[in-house]
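Computed from the coordinates by the stated procedures, all read-outs in this text should not be read as laboratory data. It should be emphasised that the depicted structure is a prediction, and the values quoted were computed from it without experimental measurement. Backbone-built Cβ (ideal geometry, glycine too); neighbour counts: all protein chains shown.
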Amino acid sequence: MAKNLIEVKDLKKYFKTSHGMLQAVDGVNFTIEEGKTLGVVGESGCGKSTTGRAILRLIEPTSGEVYFDGHDVLKFSESELRKARKEMQIIFQDPYSSLDPRKTVMQIISEPIKIHRLIKNKIDLENRVLELMETVGLAERLINTYPHELDGGRRQRIGVARALAVNPKFIVCDEPVSALDVSIQAQILNLLKELQGKFNLTYMFITHDLSVVHHFSDYIAVMYLGKIVEKASAEELFKRPLHPYTQALLSAVPIPDLSERKERIILKGEVVSPINMPDECRFAKRCSYARDECRSHTPELREVYPGHFVACDFPLKG
Amino acid sequence: MKDNDLIINIENLIVHYETEEGTVRAVNGIDLKMKKKRSIGLVGETGAGKTTTALAMLRLIPDPPGVIKNGVIVLNGENILDKSVKEMENIRGKDISMIFQDPMTALNPVFTVGEQIAESIMLHEDVSKKEAYERAKELLEMVGISGNRANEYPHQFSGGMRQRAIIAIALACQPKVLIADEPTTALDVTIQAQVLELINDLMEKHETALLMITHDLGVVAEVCDEVAVMYAGRIVEKGSLEDVFNRTKHPYTEGLFNSLPNIKDRKAKLKPIPGLMPDPTNLPIGCAFSPRCPYANDICREQKPVPRWISSTHMVECSAYDDPSFHIARREK
Ligand SMILES: Nc1ncnc2c1ncn2[C@@H]1O[C@H](COP(=O)(O)OP(=O)(O)OP(=O)(O)O)[C@@H](O)[C@H]1O
Ligand SMILES: Nc1ncnc2c1ncn2[C@@H]1O[C@H](COP(=O)(O)OP(=O)(O)OP(=O)(O)O)[C@@H](O)[C@H]1O
Ligand SMILES: [Mg+2]
Ligand SMILES: [Mg+2]
């Protein structure tokens, strides 16, 4: 078995707000094997991006442990962190706002190389940028263009090239295709898959699109209001959702196939912000199966089938 | 189809935006019929001309730079392109209503949600302020929001509630035609499911004709009876849901389906359409899809394809079918 490149233990990130403490990420645990993809799904505000950013220490976690290749990232000094950043990169959702509009493609892609002082010679640097552009499928002639001159798909390719520039081992992909049209989305997903095979990359793949995550991930973690409510291999999760929330979420996905008509579970109510959460199941308010016990404590994530974890005291029959 | 079920008939609609960089050929001659109680999904990628088509139906194309160059849009037997500005104001909201693409801009932040719904009722019906406000509360209830929240401001509503309120406004005067431009794109799936169910229920109740604009083929499969696939300002394939989903004919439609992850087989490789949509200021001479089309031949590159009816319901615009033995790879279901 491959080693765990990423190990996250009881990660928490709280934000102080005027209404109280917002528990954006509240005790999250997972591991990602080297060369594999963990998909993280859930609705807006459930804490996906905050989890990804906290792992990379782009924001400081409130508490917890994050091991990268056996080392606790949260204990790193400034200089250790800088070195680790070379190994751990992020690709953002919005190719429009995540690229500096005043910089050319050359400047954007070479930036991390310069920060980490990997290549000093100008010609070597340009060659490296051209090589990266080729890797992600950007034509050479675009090297001196600005992001606004390019379409969304090409901008996202720049984001991928920039992340790859320093030969990372681990990449957090935060909704990398959500802003793109389906035909372009498929181009980028194929590219990310191909790069993973080529460089043995490990991905944390954040999305709210369930059909994309199913296609792209080896394992999937479903988040709800700051907690992982279910975790399993992609196949297992789709075949046998055990948490009432996962089941509702899967049933709500519109399927573009007329032979796959299914009964939808329409959830009542809306996702709220996880502020001053009481000690109860966070989904209980919207759960049609909720009982009194569900409101008396927070259910822990436990293994129900081998490799299949659920945080529900009364999981559905698989 | 009974003729009196026909509510909207669009013929050869052409819309350009005349900008400094050139003429954007946004809509290039489209025909579309809408019938009572029927819903059409208008699908296509960014820039295909979906919103422009909808705005033309309401005569809301920004002018300048937008110009309706040609076409007729017949509503109740009359061409709305001949209507005066005043007459159009009456048609909007009463006959044709639209849920706009950006839900944030559709509500005014300084008025309560109830006031805004009442306002749109008073615009078209001769009722007192008090009556209109009562109706507004009923409408909120109808879309699943408690009537006593009518006195709240938009920012006090969640995204899903705001979208429901917008639907309530659009339906305030029971329009014959509802245009919904990406009504659920900004919403989470569980909320999307709520809103789609709401739209379905309301259509049934009020016999509304629906034009559902979306890029999500899954949403089309859930709510629409018919589909029109748009590419570079043309409708390239149109038909019943079964025609387009199960008997796909156009290579572009095939490409859209092939780009989507297969829910039954997660390992199946995605087959994206190579390349990009052509620049609408500089469209190819022949078929606009030919530069990306795996089946394109010289005729495709040189001549504009013409609509071809495969059955009484199914139209495809693709010159490759000049060869009777031509077929795409996507197998019939
Ligand atoms: N800097 C911050 N200050 C206060 N609250 C924050 C901050 N960043 C995030 N939050 C809150 O933390 C919660 C989790 O946010 P996060 O961005 O991680 O969600 P997400 O799952 O990525 O959602 P989306 O799908 O919308 O991107 C939300 O309630 C959000 O409002
Ligand atoms: N006000 C405008 N001025 C100039 N060009 C415009 C204007 N509005 C739209 N266009 C152009 O017209 C074409 C069609 O745009 P339209 O908004 O109708 O597309 P759409 O299919 O609705 O796309 P999306 O899925 O992104 O909403 C695009 O090339 C667009 O850039
Ligand atoms: Mg996010
Ligand atoms: Mg649009």
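Go ahead and set up a Gaussian network model of chain A, Cα springs under 10 Å, then flag whichever of A:Ala221, A:Ala161, A:Ala284 fluctuates most.
It is A:Ala284.
If amide hydrogens are placed 1.01 Å from N in the peptide plane, which non-local residues have theirs closer than 5 Å to the one on A:Cys173?
A:Ile91, A:Met204, A:Phe205, A:Ile206
Sorted from largest to smallest, which semi-axis lengths in Å does the alpha carbon gyration tensor of the protein assembly as shown give for its equivalent ellipsoid, taking the root of 5 times each eigenvalue?
Semi-axes from the Cα gyration tensor: 42, 33, 24 Å.
Rounded to the nearest 500, what is chain B's calculated 222 nm mean residue ellipticity when only DSSP H runs of at least 4 contribute -39500 (n - 2.57) each, over all residues?
Here the helix-only value at 222 nm equals -9000 deg cm²/dmol.
Please give the Cα centre distance for the stretch B:214-287 versus the stretch B:1-63, rounded to the nearest Å.
18
Just the number: Rg to Rh for chain B, Cα atoms, Kirkwood Rh, two decimals.
Taking Rh as the inverse mean 1/r over Cα pairs, Rg/Rh reads 0.99.
Sequence neighbours fewer than 8 away in the same chain don't count; with that in mind, list the lysines whose C-alpha is under 26 Å from A:Lys13.
Of all the lysines, those that pass the test against A:Lys13 - Cα under 26 Å, at least 8 places apart if same chain - are A:Lys36, A:Lys48, A:Lys75, A:Lys83, A:Lys86, A:Lys169, A:Lys227, A:Lys231, A:Lys285.
In the P(r) worked out for the stretch B:203-281, what percent of Cα pairs fall beyond 20 Å?
Tail of P(r) above 20 Å: 40 percent of Cα pairs.
Between helix B:189-206 and chain B, what is the angle of the helix's C-alpha long axis to the longest principal axis, kept within 0 to 90° and rounded to the nearest 10?
Tilt of helix B:189-206: around 80 degrees.
If one takes the longest principal axis of the Cα atoms in chain A, at what angle in degrees, from 0 to 90 and to the nearest 10, does the Cα axis of helix A:152-164 lie?
Taking the Cα atoms of chain A, the angle to A:152-164 is about 80 degrees.
For a quick check: sort B:Tyr295, A:Tyr219 by the number of other beta carbons within 10 angstrom, fewest at the front.
Exposure proxy ranking, most exposed first: B:Tyr295, A:Tyr219.
With angles folded into 0 to 90 degrees, how steeply does helix A:105-115 sit against the dominant principal axis of chain A? Use alpha carbons for both and round to 10.
Helix A:105-115 and the main axis of chain A meet at about 80 degrees.
Considering only DSSP states other than H, G, I, E and B, which GluC sites (Glu not before Pro) in the stretch A:239-292 qualify as loop sites with at most 15 other Cβ atoms within 10 Å?
A:Glu263
May I have the extent of the alpha carbons of the stretch A:262-318 along their three principal axes, as whole Å values ordered from largest to smallest?
Between the extreme Cα coordinates on each principal axis of the stretch A:262-318 lie 33, 31, 20 Å.
Identify the GluC sites (Glu not before Pro) of the stretch B:47-134 meeting these criteria: DSSP loop state and at most 13 other C-beta atoms within 10 Å of the C-beta.
Filter output for the stretch B:47-134: B:Glu125.
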